[in-house]
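S.K.: One structure follows; several queries about it will come next.
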Amino acid sequence: MPTLINIHGPIASGKSTTCDALRKKLKDFAFVDHAYIKRMLSPIGRTNAKKIFGEATIFILKELMKLRKDILVQERNPIKLKKRLKTFLKGYHVHSFYLSCSLNEALRRDKSREKRPSPAKKIKENHQMSKPTKHDVIIDTEKYPLEKITNIILKQIKS
């Protein structure tokens, strides 16, 4: 039975880092990066991109699910994901992981990124709004090194 792994959480919680590590271990999984699709569309303007990137992500996921592929998806709200993919999820093992860290750690991590840092106000708002669902496995990325985080996820999807 194919597997869908959803990694989500607030800004600078370690989603990209964790997904990069998982991609190296889950070579047969298709990787759908919601945030990358959003950035890819940035030249058309924020308003236009916002209309398109969510639909593009869902379209890609549906097509992969028709092919019964294992999927790793980054940065999708699990409630919206399940609602939009309801009929496609039948026969899939679905695992959702919420990565968390403190606001202070997120601000520190964001400043050290290669890309332009996000405004502190945006990070604070995102941390206040971002919440795990009752079905998420919550992983505090301040508490564990990357190897341990990936092992927690791999162990969970194999059980």
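S.K.: Does at least one position in segment 36-47 carry a residue that is closer than 25 Å to H135 by Cα, in contact (Cβ under 8 Å) with a residue 12 or more places away in the chain and not hydroxyl-bearing (S, T, Y)?
M.R.: No, that holds for no residue.
S.K.: Then there's this: Under 6 Å by Cβ, and 6 or more places apart or on different chains, what pairs join a residue from segment 6-25 that is on the phi > 0 side of the Ramachandran plot with one that is part of a strand (DSSP E or B)?
M.R.: G9/Y98; G9/L99; G9/S100; G14/L99
S.K.: Among all residue pairs at least 6 apart or on different chains, which show Cβ distances below 9 Å where the first residue, located in segment 51-68, is surrounded by 13 or more Cβ atoms within 10 Å (Cβ to Cβ) and the second is acidic (D, E) and in a helix (DSSP H, G or I)?
M.R.: Hits for this filter: zero, empty list.
S.K.: Where residues in segment 69-86 are at pLDDT below 90 and aliphatic (A, V, I, L, M), which of them is surrounded by the fewest Cβ atoms within 10 Å (Cβ to Cβ)?
M.R.: I79
S.K.: In this structure, does Y98 turn out to be farther than 25 Å from I37 by Cβ and either hydrophobic (A, V, I, L, M, F, W, C) or surrounded by 14 or more Cβ atoms within 10 Å (Cβ to Cβ) (or both)? Talk me through it step by step, then tell me what you get.
M.R.: Numbers: farther than 25 Å from I37 by Cβ: no; either hydrophobic (A, V, I, L, M, F, W, C) or surrounded by 14 or more Cβ atoms within 10 Å (Cβ to Cβ) (or both): yes.
No.
S.K.: Kindly evaluate L89 against the criterion of being closer than 22 Å to D136 by Cβ, surrounded by 14 or more Cβ atoms within 10 Å (Cβ to Cβ), of a type in the set (A, V, I, L, M, F, W, C) and under 13 Å from the mean Cα position of the chain (by Cα).
M.R.: Values: closer than 22 Å to D136 by Cβ: yes; surrounded by 14 or more Cβ atoms within 10 Å (Cβ to Cβ): yes; of a type in the set (A, V, I, L, M, F, W, C): yes; under 13 Å from the mean Cα position of the chain (by Cα): no.
No, not satisfied.
S.K.: To continue, here is another question. Taking segment 130-153, which residues are in a helix (DSSP H, G or I) and either at pLDDT below 90 or touching a Leu at 6+ places or on another chain (Cβ under 8 Å) (or both)? Don't jump to the end; show me each part of the working.
M.R.: Quick first cut of segment 130-153, residues in a helix (DSSP H, G or I) only: 146-153.
Residues satisfying the conditions are I149, T150, I153.
S.K.: Separate question: Restricting attention to segment 86-136, which residues are under 27 Å from K66 (Cβ atoms) and charged (D, E, K, R)? Let's see the steps before the verdict.
M.R.: Here is the first cut: in segment 86-136, the residues under 27 Å from K66 (Cβ atoms) are 86-97, 133, 135-136.
Within segment 86-136, K86, K90, D136 meet the criteria.
S.K.: Next up: Report yes if R68 is more than 24 Å from I152 (Cβ to Cβ) and out of contact with any Asp or Glu (no Cβ under 9 Å at 6 or more places or on another chain), otherwise no. Outline the logic, then answer.
M.R.: Numbers: more than 24 Å from I152 (Cβ to Cβ): yes; out of contact with any Asp or Glu (no Cβ under 9 Å at 6 or more places or on another chain): yes.
Here the answer is yes, as R68 does meet what is asked.
S.K.: Taking the conditions exactly as written (at pLDDT below 90, exposed (fewer than 13 other Cβ atoms within 10 Å of the Cβ) and charged (D, E, K, R)), does K111 satisfy them or not?
M.R.: Yes: the conditions hold for K111.
S.K.: Please state which of the following conditions N151 fails to meet, knowing it meets all the rest: (1) without any contact (Cβ under 8 Å) to a residue 60 or more places away in the chain; (2) more than 29 Å from K27 (Cβ to Cβ); (3) not small (G, A, S).
M.R.: Evaluating N151 over (1) without any contact (Cβ under 8 Å) to a residue 60 or more places away in the chain; (2) more than 29 Å from K27 (Cβ to Cβ); (3) not small (G, A, S) leaves (2) as the failure.
S.K.: Here is a follow-up. Suppose we keep only residues that are aromatic (F, W, Y) and touching a strand residue (DSSP E or B) at 6+ places or on another chain (Cβ under 6 Å) within segment 78-108. Which one would you say is farthest from L4 (Cα to Cα)?
M.R.: Taking segment 78-108 as the starting set, the residues that turn out to be aromatic (F, W, Y) are 88, 92, 97-98.
Now narrow it down to the ones that are touching a strand residue (DSSP E or B) at 6+ places or on another chain (Cβ under 6 Å): 92, 97-98.
Numbers: Y92: 7, F97: 11, Y98: 14 Å.
Among residues in segment 78-108 that are aromatic (F, W, Y) and touching a strand residue (DSSP E or B) at 6+ places or on another chain (Cβ under 6 Å), the one farthest from L4 (Cα to Cα) is Y98.
The values are calculated or read from the model by the stated rules, or taken from the named source; none is laboratory data. A quick note: this is a predicted structure, and the numbers were derived from the prediction, not measured. Every residue, glycine as well, gets a Cβ built from its backbone with ideal geometry; the counts of neighbours run over all protein chains shown.
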